[in-house]
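Written out below as structure tokens is the structure these notes cover.
What follows draws every value from the coordinates through simple rules; no lab data is involved. Computed from a predicted model, the values in this text were never measured in an experiment. Note that each Cβ is placed from the backbone with ideal geometry, even for glycine, and that neighbours are counted across all protein chains shown.
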Amino acid sequence: MLMERLRELGLEMPELSPPVASYLPARRHAGLIYVSGQLPMKDGALLATGPVPSGASAEQAKSAMAQSFLNGLAAALQVCEAAELTGVLKLGAYVASDPDFSQQHLIANGASQLAQDIFGEPGRHVRFAVGVSTLPLNASVELEIIFTTK
């Protein structure tokens, strides 16, 4: 069902990028899958770099956040079957931001909307969105995800 839904949305499951440090991309525990922070990598390159809006536009960062969600989905599928994923419990959105930028919540909607588009009602989740001065590899966004499973 998950893979079919992705096809309906015109999306492809990305290749999982290897960790850039010493950690697991995802870990399953007690009916949940905890996904490490995901950068907006696609085909080996970051989709958005630098702070928002001086380095990357808000629209670029929002799109990059959606890619980070897809990357997190790929990480989750390393520790479970697609049929076992039932929804999204929580998102944690980090946005590298210029000091006067205060629209992090709108950037996070890139991931939130995609979660709901893919999972429907079970994709609705709790979340936080915060601005930070910098992220690994100069990425504009990073996303942490907790998925629910059967």
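Please determine whether any residue of region 110-121 is over 26 Å from Ala21 (Cβ atoms), in contact with a helix residue (DSSP H, G or I) (Cβ under 6 Å, 6 or more places away or on another chain) and not hydroxyl-bearing (Ser, Thr, Tyr). Give the steps one after another, and end with the answer.
Within region 110-121, the first condition is being over 26 Å from Ala21 (Cβ atoms), and the residues that meet it are 112-113, 116-121.
Still in the running and in contact with a helix residue (DSSP H, G or I) (Cβ under 6 Å, 6 or more places away or on another chain): 116, 118.
Retained after the next criterion (residues that are not hydroxyl-bearing (Ser, Thr, Tyr)): 116, 118.
Within region 110-121 (the criterion being over 26 Å from Ala21 (Cβ atoms), in contact with a helix residue (DSSP H, G or I) (Cβ under 6 Å, 6 or more places away or on another chain) and not hydroxyl-bearing (Ser, Thr, Tyr)), the answer is yes, since at least one residue qualifies.
Looking at region 1-27, I want the residues that are within 14 Å of Asn71 (Cα to Cα) and have a partner that is not in a loop (DSSP other than H, G, I, E, B) and not aliphatic (A, V, I, L, M) with Cβ atoms under 6 Å, at least 6 apart or on another chain. Which pairs are those?
Pro14/Asn71; Pro25/Ser36
Quick check on my filter: what residues within region 55-72 are more than 8 Å from the chain's Cα centre (by Cα) and either within 13 Å of Ser36 (Cα to Cα) or of a type in the set (Ser, Thr, Tyr) (or both)? Don't jump to the end; show me each part of the working.
Filtering region 55-72 for residues more than 8 Å from the chain's Cα centre (by Cα) gives 55-64.
Correct list: Ser57, Ser63.
Which residues, taken from region 1-34, are part of a strand (DSSP E or B), within 18 Å of the chain's Cα centre (by Cα) and of a type outside the set (Val, Ile, Thr)? Quick ask: steps written out before the conclusion?
In the first step, residues of region 1-34 are kept if they are part of a strand (DSSP E or B); the result is 26-29, 32-34.
Going one step further and asking which of them are within 18 Å of the chain's Cα centre (by Cα), we end up with 26-28, 32-34.
Across region 1-34, the qualifying residues are Ala26, Arg27, Arg28, Leu32, Tyr34.
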